[in-house]
Structure formats: C-alpha cells, structure tokens
Amino acid sequence: MRLLLPLLILFLAPPALAEAPAYKTSAPIAYVVDAHSGVVLLDKAGDKRIPTASMAKMMTAYVAFEAIKAGKIDRKQKFAMPPETWVRWNNRGSSMFLKSRQQASVEDLLHGIVTLSGNDASVVLAEGMSGSEKAFTEEMNAAADRLGMKDSRFGTANGWPDKGGTYSTAHDLGVLAKRIIEDHPELFGEFFNQRSFKWNNVTQPNRNPLLGAVEGADGMKTGHSSEAGYCLVGTAQRGPRRLIMVVAGLPTMQSRIDEARAMMRWGFDNWQEQPLFEPGQEVGKIPVQLGTDDAVSAISAHKVSMLAMKGGLATPRLTMRYTGPVKAPLRKGDPVGQLTVHYPDGLQQTFPLVAANDIEAAGFLERAWNGVMKLWGKAA
C-alpha cells in the first residue's frame, strides 16, 4: 500500500515583486533547460521536428563514447580513410581534411567531429566502428530510443541533408546533450571544450560562439545547412547550475552568435536556485510499526532546492510519500520515502528521504504496551 502525507510549508515572500522579464527571441526554435532541476526556462517550438544539420554529430560522438566506455573500441585505435569515402567527402562542407587512405586514431577523429564538425571524420569513424555508415546509423537510432528521444531519427553519421531522413527536436537534442555530460563527463570535458584542432598542418577553430565569450561555457555543437539554418546546442556551468540551450533556424551566423550568447546570459542572470532543505534536515515524520518508537524523522539525503526567478521566493507545493507500513528495525540512513517538489507547470522533482536514526524492533511487552497506550489515547 502506498500512503501519501501532504506536507505544508509556507514561505514568506515580499509583496508585489516583479517577475523576471520573459525572453524574446527572433529564433524560430529556442529552448533553454536547467540541467539539474529539469525546469524549462524557455520553450519556443521545442517539440517541432527540425533538420539536425551537424548537431547530429553529437549522437555520433555519444555512440563512440559508449563504445569506448564498454571497451569495444580503443581511443588509440586507427581507421583509414577509404578512397571511395574520400571521393565523396573530400572538402564537402566542414572538413577535417583527411587524405585518401590516411589513418587517424579514434580520438583524433572525435576532435575532427566535435571541434571541426568534419563530415569526412564522421563517416570514417562510422565506417571504421560499424563496417558501414548505415550500420552505424542503426546504432545511433538505437541509442536515441534508449535515451527517450522519441522525435529523433538519424539517417547519416554527419547530419548531411538526406531528404528528411535525419531529424530531431530542440527538446530531444537537449536530452542528448544532458546525457553526454552525465554519462561521459570526462570525455565531454576533453572533446567538447576545445577551442581549435590541428590536422595535416591545418588549424581550424571551434565555431561554438559560447566558448570564451560566456562565463562557464564548455560545449556543445553548431549546425548549419540551407534547410536547417544556423543552429546551436550550447551549454555552460556556473557553480552547481548548468544550462543547456538549443537554437535553430536562424538566418545568419551572426544572428546565431547574438542569440546564443544573449539567451545563455539571460538564463543565468534571471534565475537562481532556491534552497528548501539542507542535507540531514528533517522534512517530516513517518509512522513506524513494531518499533521502540512509533515514528521516525525523515531527513533529506541530499540538498533539496528548486529553481526560481530572481527577485522573489517561489512557493512550491511539496508532498512526502512513503511505502507503508514502515517496520522496525530501521538503521540510520535507510530509505524511508520521497519528497516531491511540484512546479506550477506540472514538472516534478523527486528527492530521497532517509531515516534520521536507528529504531530497534520492540519486544512483545513493548508492543503490547504501545498498543495499550494508542488505544488509551484514542479513548481519551
């Protein structure tokens, strides 16, 4: 049986505080999410299917990261540029400038994909890992399914226009960005934060307009094609807060620069984390059966906070749930329930609650006495 205890917590907020201004963007597609809380700060057509252009290379990198983590490929392993692949991709769009039959290690190809957005590097890695680009895109789509990217499909390893076969949404690309960071933090830090990369004596810059221009910016991936316009998935971290943003469909490179930087700064400047409970702070009490005490203090296992606009405190609705009955013996730190923070837009955050102290199992006489006292209390 699942029991629900409503938890009422009041916040004193100063009257008539102005809300942070809504962000107005000229981008047809715009999406900003707080990675820790999952709160969406801005959503303009975030679920509309769009061509991915080179943002698809994020999934190419993710599949490679997964393979490295699983030991299926080695970073130092080398793949050669097949002559037929060179004919197709030599200097076609963004390029790493691989030469025909030239070998490159997995890590060099990843730099070519992530930093340089190399179409050639993407296909060489795909063919080297899976035998063919088609087989590799099947792995990309399997990964998308696992990550819950329900509105995404990949028909190429590099995002080259393929008559609508490759598409995603700003929301799905945000999910992918978050999983790259969380599932592969070291590889993310190594490959997505590089300002430039040199190959065959040619040094090319990373086109990400956030790097070096917005405090805390450390990735992700640009994209551009005639059908997709100028696009960007970007992320930045300041202290415990990380924002992920997506813009797409912009008409020029400069408009992408301007919108991306302004949007990311707006997300940090107008929103803040609002603490609710510190680690170890009591959230409520939960009944305990067959114990030396008839209730246990439920404390937060971690810091509990919510996201709120700067300038005033938000008043969230909080509920505490536990699976009952909770029976003794209990040990300090045992899971006893969950605290849920309910936002006005329907989003929920859930945090674990644990026992604050030990409670031993009561003996027969203690249980009998406790039963008598409960009956006496009801009668009184």
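The values are calculated or read from the model by the stated rules, or taken from the named source; none is laboratory data. Because the structure is a prediction, the values reported are computed rather than measured. Reconstructed Cβ throughout: ideal geometry from the backbone, glycine too, with neighbour counts over all protein chains shown.
Is it true that some residue in segment 238-245 is in contact with a helix residue (DSSP H, G or I) (Cβ under 7 Å, 6 or more places away or on another chain) and under 19 Å from TYR62 (Cβ atoms)?
Scanning segment 238-245, I find at least one residue that is in contact with a helix residue (DSSP H, G or I) (Cβ under 7 Å, 6 or more places away or on another chain) and under 19 Å from TYR62 (Cβ atoms), so the answer is yes.
Could you please let me know if ARG238 is surrounded by fewer than 21 Cβ atoms within 10 Å (Cβ to Cβ), of a type in the set (Lys, Arg), farther than 25 Å from GLN349 by Cβ and within 24 Å of the chain's Cα centre (by Cα)?
No: the conditions fail for ARG238.
Report the residue count in segment 59-74 for those that are surrounded by fewer than 13 Cβ atoms within 10 Å (Cβ to Cβ) and either among the β-branched types (Val, Ile, Thr) or not assigned by TED's automatic domain parsing to the domain that holds ARG146 (or both).
0
Where in segment 194-233 are the strands (runs of 3 or more DSSP E), entirely inside, with at least 2 residues that are in contact with a helix residue (DSSP H, G or I) (Cβ under 7 Å, 6 or more places away or on another chain)?
Of the strands (runs of 3 or more DSSP E) lying wholly inside segment 194-233, those with at least 2 residues that are in contact with a helix residue (DSSP H, G or I) (Cβ under 7 Å, 6 or more places away or on another chain) span 196-199, 217-225.
Condition first: modelled with pLDDT of 95 or more and either of a type in the set (Asp, Glu) or outside any helix (DSSP H, G or I) (or both). Now tell me which residues in segment 250-274 satisfy that.
If the condition is that a residue be modelled with pLDDT of 95 or more and either of a type in the set (Asp, Glu) or outside any helix (DSSP H, G or I) (or both), then LEU250, PRO251, THR252, ASP258, GLU259 are the ones that fit.
Can you name the residue in segment 113-151 that is in contact (Cβ under 8 Å) with a residue 24 or more places away in the chain and assigned to a loop (DSSP other than H, G, I, E, B) and is also surrounded by the most Cβ atoms within 10 Å (Cβ to Cβ) among such residues?
GLY118
Regarding segment 30-43, can at least one residue be identified that is at pLDDT 95 or above and either in a loop (DSSP other than H, G, I, E, B) or closer than 16 Å to ALA157 by Cα (or both)?
Checked segment 30-43: no residue is at pLDDT 95 or above and either in a loop (DSSP other than H, G, I, E, B) or closer than 16 Å to ALA157 by Cα (or both).
Quick one: would you say LYS327 is modelled with pLDDT of 90 or more, outside the structural domain of ARG265 (by TED's automatic domain parsing) and not small (Gly, Ala, Ser)?
No; evaluated as a whole, the condition is false for this residue.
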